[in-house]
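Remarks on the structure that follows.
The values are calculated or read from the model by the stated rules, or taken from the named source; none is laboratory data. Quick caveat: nothing in here was measured; it's all calculated off a predicted structure. Methodologically, a virtual Cβ is constructed for each residue, glycine included, from the backbone with ideal geometry; neighbour enumeration extends over all protein chains shown.
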Amino acid sequence: MFRPIPRRTMLRGMGAVLALPLLESMTPRGKAQERLAKPPLRTAFFFMPNGVNVSRWKPAGEGEKFELSPSLQALKNVKDRIIVLENLTNKRTEGRNGHWPKVPAWLHGGFVKRNAGSDIDVGGVSVDQVMAAELGNRTPLPSFELGLEPTRSGVDNAGGGFAMLYGSHLSWRDPHTPVPKEIVPQLAFDRLFRTASAGPVVSGFNPNQAAVTNALQRDDLSVLDAVREDAWLLKGKVSSADRVKLDEYMESIRAVEKRMENTLKPQKRWINAGRFDLPRPGPGIPPDHREHVRQMLDILALAFWSDSTRISTFMIGDAQSGRRFEFLDGVNSYWHGLSHHQNDPGTIAQYTKIIEWNIAQFAYLCERLKGLQEGETNVLDNSQIVFGCSIRDGNKHDIKDLPLLLAGGGAGTIRSGRRIRSAPETPMCNLHLALLERMGVKRSSFGDSNGVLALS
């Protein structure tokens, strides 16, 4: 018979600390031992720039009888955990620049100020940071901001005079202060598991800065080696099922470590291979974009599984991302350029391949979380994860009927596996208000909301 252990039990060692997934041995004291501690609810926002191919996005069928559209086919294994949201908009971004002011407004619905670069004002606090301000003290990291591209500076005068900084950040602590995102997998991993890395993010603005290089040059042991003794002692205190789960958890951590180690090695002998317009990746950033994405998503999954954080954002690209996807057959130009397809069939075909590859990465995250058990449920069931764009069609920059998905069961509060068609021009902030409500954050309104989106 095992004795209950505290929910916030951690494994500690020299320079390392591991938060743990929910174990059956974490039964609250005074409760029947057969009852598990209630899994926490998590919230994440997965942002994709440059819009979608509208003709392949919208599903057929109504309600629970909807059919996945061509662009959403990658989600077939989690269709019953997905809601397709329609007719939501950010009204205060209408008629303004195509990209820059729309990105920060995606999570708060405010009016983003046109500026000269020094007078930043996005008009609100992002919904993830509202959650973090009230709930962040319950986890080692109040929130966890991830991305793939370094922050851009300067002003886009050709696009209406907006700071390009706007397009690099979803999370805003206040109207003037973005929350830096981590783009280097090793440093994101370290923030979760290394005690020496609990300070501010160092790579959000410039992955080539000395602090990044120095951090990556450390010859650290695996975090598992550092906590080995603590792990051995814990296994003697928990049930056999928990010992199996701990082994699975540690194997997942080590798998991520090995992938990061493997990508750092070729980094040191990186060769341009004749592409003079292709810059050397920043320190610690995998040269293969596919590997970069998967490492970051695996780290996000670990963050939620371990309850290191319950609030996260992930930018698979920044505003006007010009990333190339030459690993996709037939794609030979830049993402943002292809989004302005002017109805050219060949350009649309390339644009569509990029969109659907990115949706497949969202599907990967959902399936990964679905596979992480928490008692009779799983991490996806105990999450609410928004996927979408701040514009609808990259060719038009329209903001009505934004492409949006909601994944997860909201810890039993969301009826998923359906299509929800709201009234035209329903504020996206109605969705944010519904997510806040489920996280236990009380608000009568948020941004330009005019009600709470019904999700149950």
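Is at least one residue of the stretch 355-364 outside any loop (DSSP other than H, G, I, E, B), among the hydroxyl-bearing types (Ser, Thr, Tyr), at negative phi and at pLDDT 95 or above? Break it down stepwise before answering.
In the first step, residues of the stretch 355-364 are kept if they are outside any loop (DSSP other than H, G, I, E, B); the result is 355-364.
With among the hydroxyl-bearing types (Ser, Thr, Tyr) added as a condition, the list becomes 364.
Retained after the next criterion (residues that are at negative phi): 364.
Add one more test, that the residue is at pLDDT 95 or above, and what stays is 364.
Checked the stretch 355-364: at least one residue is outside any loop (DSSP other than H, G, I, E, B), among the hydroxyl-bearing types (Ser, Thr, Tyr), at negative phi and at pLDDT 95 or above.
Can you tell me which residue among 105, 133, 60 is surrounded by 24 or more Cβ atoms within 10 Å (Cβ to Cβ) and among the hydrophobic types (A, V, I, L, M, F, W, C)?
Working: 133 fails: surrounded by 24 or more Cβ atoms within 10 Å (Cβ to Cβ); 60 fails: surrounded by 24 or more Cβ atoms within 10 Å (Cβ to Cβ).
Criteria check complete, one pass: 105.
Residue by residue, here is whether (1) farther than 27 Å from residue 17 by Cα; (2) touching a residue at least 60 places away in the same chain (Cβ under 8 Å) holds:
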site	(1), (2)
299	no, yes
310	no, yes
334	yes, no
339	yes, yes
353	yes, no
363	yes, yes
378	no, no
385	no, yes
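Hey, which of the helices (runs of 4 or more DSSP H) in the stretch 54-139, taking only ones fully inside, have at least 1 residues that are in contact with a Gly (Cβ under 9 Å, 6 or more places away or on another chain)? Give the steps one after another, and end with the answer.
Details: elements: 54-57, 102-105, 127-135.
Because the criterion is at least 1 residues that are in contact with a Gly (Cβ under 9 Å, 6 or more places away or on another chain), the helices (runs of 4 or more DSSP H) in the stretch 54-139 that meet it are 102-105, 127-135.
Report, by residue number, each residue of the stretch 416-456 that is touching a strand residue (DSSP E or B) at 6+ places or on another chain (Cβ under 9 Å), polar (S, T, N, Q) and over 14 Å from residue 126 (Cα atoms).
Residues satisfying the conditions are 416, 422, 426, 450.
Pick from the stretch 424-456 the residues that are small (Gly, Ala, Ser) and part of a loop (DSSP other than H, G, I, E, B): which of them is nearest to residue 108 (Cα to Cα)?
Result: 447.
What do you reckon, is residue 78 crowded, with 20+ Cβ neighbours inside 10 Å and farther than 30 Å from residue 177 by Cβ? Before the answer, list the steps.
Details: crowded, with 20+ Cβ neighbours inside 10 Å: yes; farther than 30 Å from residue 177 by Cβ: yes.
Yes.
Could you pull out the residue among 391, 414, 385 that is out of contact with any Gly (no Cβ under 6 Å at 6 or more places or on another chain), surrounded by 18 or more Cβ atoms within 10 Å (Cβ to Cβ) and β-branched (Val, Ile, Thr)?
On the way: 391 fails: out of contact with any Gly (no Cβ under 6 Å at 6 or more places or on another chain); 385 fails: out of contact with any Gly (no Cβ under 6 Å at 6 or more places or on another chain).
Testing whether each residue is out of contact with any Gly (no Cβ under 6 Å at 6 or more places or on another chain), surrounded by 18 or more Cβ atoms within 10 Å (Cβ to Cβ) and β-branched (Val, Ile, Thr) leaves just 414.
With 128, 156, 121 as the choices, which residue is charged (D, E, K, R), at pLDDT below 95 and within 30 Å of residue 450 (Cβ to Cβ)? Write out each step before concluding.
Numbers: 128 fails: at pLDDT below 95; 156 fails: within 30 Å of residue 450 (Cβ to Cβ).
Just one listed residue meets the conditions, 121.
Keeping to the stretch 326-341, report how many residues are assigned to a loop (DSSP other than H, G, I, E, B) and buried (at least 19 other Cβ atoms within 10 Å of the Cβ). Explain how you work it out, then say what you get.
Residues of the stretch 326-341 assigned to a loop (DSSP other than H, G, I, E, B): 326-333, 340-341.
This time we only want the ones that are buried (at least 19 other Cβ atoms within 10 Å of the Cβ), so: 331, 341.
Total satisfying the criteria: 2.
Criterion first (buried (at least 21 other Cβ atoms within 10 Å of the Cβ), part of a helix (DSSP H, G or I) and of a type in the set (A, V, I, L, M)) does residue 170 satisfy it?
Working: buried (at least 21 other Cβ atoms within 10 Å of the Cβ): yes; part of a helix (DSSP H, G or I): no; of a type in the set (A, V, I, L, M): yes.
So residue 170 fails the test.
Considering only residues that are over 20 Å from the mean Cα position of the chain (by Cα) and of a type in the set (Asp, Glu), look in the stretch 87-133 and name the one that is farthest from residue 155 (Cα to Cα).
94
Can you tell me which of 298, 277, 220 is of a type in the set (Asp, Glu), under 27 Å from residue 9 (Cα atoms) and modelled with pLDDT under 90? Don't jump to the end; show me each part of the working.
Values: 298 fails: modelled with pLDDT under 90; 277 fails: under 27 Å from residue 9 (Cα atoms).
None of the others qualify; the one that does is 220.
Within the stretch 9-35, work out how many residues are in a loop (DSSP other than H, G, I, E, B), under 15 Å from residue 238 (Cβ atoms) and at pLDDT 65 or above.
The qualifying residues number 6.
Here are some residues: 192, 187, 135. Which one is among the aliphatic types (A, V, I, L, M), touching a strand residue (DSSP E or B) at 6+ places or on another chain (Cβ under 8 Å) and at pLDDT below 95? Lay out the reasoning, then the answer.
On the way: 187 fails: touching a strand residue (DSSP E or B) at 6+ places or on another chain (Cβ under 8 Å); 135 fails: at pLDDT below 95.
Answer to the selection: 192.
Give me a count of the residues in the stretch 102-124 that are farther than 21 Å from residue 51 by Cβ and touching a Pro at 6+ places or on another chain (Cβ under 7 Å).
So the answer is 3.
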